[in-house]
1. Let me know the Kirkwood hydrodynamic radius for the stretch 18-80, please, with Cα pairs as the basis and the value in Å to one decimal.
2. Test of understanding: what is the full-extension gain from GLU58 to ALA15, defined as 0.36 nm times their sequence separation minus their Cα-Cα distance?
Amino acid sequence: MLTPPEWPLRGLRSAGVITHGYVATGFGDRSIAAVNADITAYLTRYDAGFVDGVFFDEMSNGLADLGYYQDLESSVDSVKTPKGAQA
């Protein structure tokens with residue numbers, strides 16, 4: 001038996017819809033650890049083929065925050081592609 005939130009994701013994916021987990025970044029002020037916890041929750045708890053990626057909201061427009069978002073992108077890639085696996 002499927003339980004929320006898996007069941008709507010399964011229906012969306014079977015219909016060909018691309019799904020993303022929503023992660024707020026607080027305009028670059030939210031800690032990397034807190035954002036990584038959200039990334040991991042979406043991609044490991046709900047992934048199983050149902051979540052395709054992550055949507056980062058509340059993005060900073062400051063160049064000084066570029067490294068912050070690069071770190072988050074790396075986090076998504078490392079959770080989606082475990083060490084030793086092919087990307």
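1. The answer is 11.7 Å.
2. Full extension of this stretch gives 12.6 nm more.
Read-outs throughout are calculated quantities, based only on the coordinates presented, and are distinct from any laboratory measurement. Computed from a prediction, not measured in an experiment: that's the story for all the values here.
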